[in-house]
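The values are calculated or read from the model by the stated rules, or taken from the named source; none is laboratory data. In this text the structure is predicted, and so the values were computed from the model without any measurement. Backbone-built Cβ (ideal geometry, glycine too); neighbour counts: all protein chains shown. In case anyone asks, the SASA skips ligands and DNA or RNA and just uses the protein heavy atoms, side chains included. Shrake-Rupley method; radii C 1.70, N 1.55, O 1.52, S 1.80 Å.
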Amino acid sequence: MAQTPNIDGVLVQWGDRLFYPGNRVVKVQPQPRLDSGAMRQRAAAIRQRIEATVVRRAPQVMVKVTGGGRSMQAIAAHFRYISKNGRLDIENEQGDTVRGKSAVHELADDWRFGGSLIDDVGYRREAFNIMLSMPRGTDPLIVQKAAREFAQTELADHKYVMVLHDHQANPHVHISVRAESMSGRRLNPRKADLQRWRETFAEKLRGYGVDAEATRQATRCRKVSHPDLWQLKANEAGRLRKPRPNTNSGHKVRTSWAEALKGWLHIGQALAKSPDPRDVKLAGSIAVFIHEANGRWISPNNSPEISQDKVNPSQNASSQIRR
């Protein structure tokens, strides 16, 4: 008789790799033993994220650094852009709201002299422009509230301004944050920081009852390439000469895809052997998810080379869950 696997141990081991890649280990470690309530809680959190990804297909948040100013002229120009030249409310880090051309001008002066001097011409990044967005249909005011809490958490000790845009398809908030903090430390966001920012924004949205997730594209078996803001604007104005491909298919994407699929298979196989009918049902949803992922990836000239992982999306990988 086949031995029932340590379900929660498998969930934590492979779920961490799928949903928390910053904490994953390079070498496969023995399955952690369920010896405390903390393990159960961790496994329960992984189950929730699996359900959000493969069952509910929860909307994904977008947090993107769209640029940043190297001079006060560039920063002030961005203030005018996001506020529609003062027609929209601008909220600062203290929660104060201002509107109007003169208010935008005063805000620029505050940034210019509020710390190290920001000159009209500069060579280092003095501000970062961030955009937080949710799909069409999300309440814009909730997006604004979640963005406000996000900034209070992730951008504390920095000057920043935020403006809600709800006149376009997707409700989104523009945040401009001063690179130098009030204590003199400089902001320098990396890829891991962006993923943490996504996690924080999604958490704040869920606090208001909005189903939101911040799952990596690799984990969702997606390969969409999002255009930069300048490309969107150039395309709208008919000035984009060379359209950017809307999908990624390089070696790095193939490798990430293979690692994610391997994790999904391990989790699905473990859940399929669980005595809990809910786990078995979740395993079936994972099988459907993998089948759909295979269909998105495979094309006549596009087959991932991942045989080293013993997982080949060109085969019916979802059937392996039921074995």
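General remarks:
- Heavy-atom accessible area per residue - region 104-222, 1.4 Å, Å²: 47 Å²
- For region 126-232, GluC sites (Glu not before Pro) meeting the loop criterion (DSSP other than H, G, I, E, B) and having at most 13 other Cβ atoms within 10 Å: none.
- Per DSSP, loop chymotrypsin sites (Phe, Trp or Tyr not before Pro) in region 81-162 with at most 12 further Cβ within 10 Å: Y123
- Computed from label points 7 Å out along Cα-Cβ, the spacing between R196 and R216 is 1.6 nm.
- According to the Cα-based calculation, Rg over Rh for region 65-138 is 1.00, with Rh computed by the Kirkwood formula.
- Placing a label point 7 Å from the Cα of Y208 along the Cα-to-Cβ direction, the residues of region 130-150 whose backbone N falls under 11 Å from that point are 134, 138-150.
- Extension gain, V288 back to V121 (0.36 nm per residue minus Cα-Cα distance, nm): 54.6 nm
- Segment R99-S181, extension gain: residue separation times 0.36 nm, minus the distance between their alpha carbons: 27.1 nm
- The trypsin sites (Lys or Arg not before Pro) of region 101-159 that meet both conditions, a loop assignment by DSSP and at most 13 other Cβ atoms within 10 Å of the site Cβ, are R124, R136.
- Estimated FRET transfer efficiency when R0 is 41 angstrom, pair N92-V280 (beta carbons, to 0.05): 0.20
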